[in-house]
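These notes concern the structure reproduced below.
The values are calculated or read from the model by the stated rules, or taken from the named source; none is laboratory data. Just so it is clear, the model here is predicted, and its values are computed rather than measured. For neighbour counting, all protein chains shown are included, and Cβ atoms are generated from backbone atoms with ideal geometry for every residue, glycine included.
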Amino acid sequence: MSKYLRESQSKIFANNKAWVASKVAADPTFFKKLASGQQPDYLYIGCSDSRVPANEIMGLDAGEVFVHRNIANVVPNTDLNVMSVIEYAVVHLHVKHIIVCGHYNCGGIAAALSHSDMGLLNPWLRNIRDVYRLHEKELDEVFEKHGEEARGKKLVELNVLEQAKNVIKTAAVQKSWMENRYPVVHGWVFDLKDGLLNDLEIDFEAELQGIKKIYNLEGWMSRKGSVV
Amino acid sequence: MGSQAKDDFEYALKSNESWANYKSHQNPGLFEKLANGQSPKILWIGCSDSRVPETTILGLHPGDVFVHRNVANIISPTDINSQAVIEYAVVHLKVSHIVICGHSACGGCGAALSEARVGGVIDAWIAPLKALRKANAEELDAITDDKKRAIKLAEINVKSGVDALLSTYFIEEAVRERGLKVHGCVYDVACGRMTDLKCGNAGKKGVAGVKGEEEEKKVVKGNHGMLVFGGDGASISIR
Ligand SMILES: [Zn+2]
Ligand SMILES: [Zn+2]
């Protein structure tokens, strides 16, 4: 092993010890508590992009946010991967908030707006192209008035909105809301230019009502006569 | 919305503001730089578990690690979600390292070791874990401690994920052509440390065939930090 490696290693173990020490100094039971289980309040569904580290941008620590990250924070209804994450977070961890977080300058969104054949990525990007189709008129207008960059930004926002709706459509979220009045679903966009999160201020209860005509999965509750 | 729920939410947004201020104070120009693009060296595939936040435990910065996290860090070749992430990272971003990281006290591993049905869609998702449990029943059943048995399954799962990655055509290609390294490790939530499982192609000689990599084979470098495997565990440094 080179001298350089040995040096960095001793520094590393010192770093690691310092990190553990700072955690223990602030809370002597920090690791003991983490070892006993997790009780995060948040589920974060965001992009895989390296510039958007989930709990870090929220200023939160280990144990506070359950996380799923994929290309362009998409929530396809037939995707077992993200559906398992949502179900685990809602049914088993009882998270209080679900955040769908997009970001400007998203490579996934840009790829969906391009017309290149990206192989394995094609079926995934289709989900984003479908968002375009749902909001075609609005996006085309933005393009005509303000150009390409503005359209890209708008698609980032609309994608967050549609994926948040997909979260609301899940049985786990509808059922938990009926029983507990949580989780609340939010849509955020992270701006790489200043590191700030912008809340798209999705009206969760209105969205829930809006999807009900078609997506209502509360039939099992109707015998109890519950109404939201 | 209850007032407590509202407070939690406001809290997260407030924390973000302090974080953004802190980061730009610590490293002026960071966000302007980030807005220009990303060139992460590492793809991290880990569990969604809140106790294993990759960037925090790696001591790295925004821009360093491309990330996929799912329940029990399962790699299934027909899962288009994770495959899209892996292809994007390997083919388009050309990361140099892939780290699959399992962890102790994993709820997914616990569920796969239990006889009970989880319910909903989760049973279908963890079916590959159940299959691993059956295939390794002898080794697992010999472990009497529940926690240790779950860690063993987490290790087996990571090794299986590493094998699955190394059988993916675009990864085979990247390994051959530019020496991409695949690592497997397990994080201990009870002490905050990682252990290198020394599987994959990272610890083996001559696999990558890239000159000069011999010295570096145990180091996963980020843009501002690195992850070093060796000694009695793996750990992190900031350059
Ligand atoms: Zn993105
Ligand atoms: Zn886990």
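Residue count for the stretch B:55-80 under the criterion of being more than 14 Å from ligand 2 (Cβ to nearest atom), at the interface with chain A (Cβ under 7 Å from one of its Cβ atoms) and among the hydrophobic types (A, V, I, L, M, F, W, C): the result is 4. Restricting to the stretch A:60-87, name every residue that is closer than 18 Å to B:Val67 by Cβ, of a type outside the set (A, V, I, L, M, F, W, C) and at the interface with chain B (Cβ under 8 Å from one of its Cβ atoms). Selection gives A:Asp61, A:Gly63, A:Glu64, A:His68, A:Arg69, A:Asn70, A:Asp79, A:Asn81, A:Ser84.
Filtering the stretch A:173-219 to residues that are part of a helix (DSSP H, G or I) and either of a type in the set (S, T, N, Q) or at positive phi (or both) leaves A:Gln174, A:Ser176, A:Asn180, A:Gln209. Residues of the stretch A:93-118 that are away from ligand 1 (no atom under 14 Å from the Cβ) and facing chain B (nearest Cβ under 7 Å): A:Lys96, A:His97. Considering the stretch A:109-130, the residues that are more than 24 Å from B:Thr78 (Cβ to Cβ) and of a type in the set (A, V, I, L, M, F, W, C) include one that is nearest to ligand 2 (Cβ to nearest atom), namely A:Ile109. If you filter the stretch A:66-77 down to residues that are at pLDDT 95 or above and of a type in the set (S, T, N, Q), you find that the one that is farthest from A:His186 (Cα to Cα) is A:Asn70. One residue is enough: does the stretch B:72-87 have a residue meeting the conditions touching a strand residue (DSSP E or B) at 6+ places or on another chain (Cβ under 6 Å), charged (D, E, K, R) and either at pLDDT 80 or above or over 18 Å from A:Asp79 (Cβ atoms) (or both)? Looking through the stretch B:72-87, none of the residues is touching a strand residue (DSSP E or B) at 6+ places or on another chain (Cβ under 6 Å), charged (D, E, K, R) and either at pLDDT 80 or above or over 18 Å from A:Asp79 (Cβ atoms) (or both). Residue pairs whose Cβ atoms lie under 8 Å apart, sitting 6 or more positions apart in sequence or on different chains, and linking a residue in the stretch B:29-54 that is at the interface with another protein chain (Cβ under 7 Å from one of its Cβ atoms) and crowded, with 24+ Cβ neighbours inside 10 Å to a partner that is in a helix (DSSP H, G or I) and modelled with pLDDT under 80, are B:Arg51/A:Leu34. Just one of the listed residues (A:Val173, A:Val156, A:Val184) is closer than 29 Å to B:Pro28 by Cα, buried (at least 18 other Cβ atoms within 10 Å of the Cβ), hydrophobic (A, V, I, L, M, F, W, C) and within 14 Å of chain B (Cβ to nearest Cβ), and it is A:Val156.
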